[in-house]
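Single-structure report; data block below.
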Amino acid sequence: MMRSLVVAAVVAAAIGIAGCDVRTSPELIEGVAGETILIASTATGFEALLSGTLGIGDGGCLVLLPTEPSDGPGRPPAVVWPPGTRPLDLPSGGVVLPGGREIAVGDYVELGGGSVDATEDYLPEIPPGCSLNEGRVRVISSE
């Protein structure tokens, strides 16, 4: 009886630990308008305010276009979306976030996220034509 309880406890602990880190494979998805949607393999805890107008940038990747020309030099970097994001079914393109929020190309948005090195292991391989900002991409973590 005692041995059965110990085995059950070990199995339950293993299942609990395995369930804590839900990861998927990072991926690239083609959207309705031909845009490239970059999806991270795991959610991040970044909470900086990222804002701008959703656009299709260099290489077809989605970007947040700055609202003011003075928001920074160069081209806006590619945006990487959280796991569970899917293409928005509109001719203009866009995304549907895991919570159901729809963001079409041309929409102004404010989202939680951050800027990370484009080589992080939870990110998909960034297509060569997509913009990077000094080797970094923007990662969206919350709606």
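The values are calculated or read from the model by the stated rules, or taken from the named source; none is laboratory data. Here the structure is a predicted model, which is why all the values come from computation and not from measurement. Here the Cβ positions follow ideal geometry from the backbone for every residue, glycine too, while neighbour counts run over all protein chains shown.
Overview of results
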quantity: First in segment 52-63 and over 16 Å from Ile103 (Cα atoms), second anywhere and small (Gly, Ala, Ser), Cβ under 8 Å, 6 or more apart; calculated: Asp58/Gly129; Asp58/Ser131; Gly59/Ala78; Gly59/Gly129; Gly59/Ser131; Gly60/Gly34; Gly60/Gly129
quantity: Residue tally, condition among the small types (Gly, Ala, Ser) and under 20 Å from Ser131 (Cβ atoms), over segment 77-103; calculated: 4
quantity: Among (1) part of a loop (DSSP other than H, G, I, E, B); (2) within 16 Å of Leu111 (Cβ to Cβ); (3) modelled with pLDDT of 90 or more, the one test that Ser41 misses; calculated: (2)
quantity: Conditions (1) modelled with pLDDT of 95 or more; (2) more than 13 Å from the chain's Cα centre (by Cα); (3) surrounded by 17 or more Cβ atoms within 10 Å (Cβ to Cβ); number of the one not met by Cys130; calculated: (1)
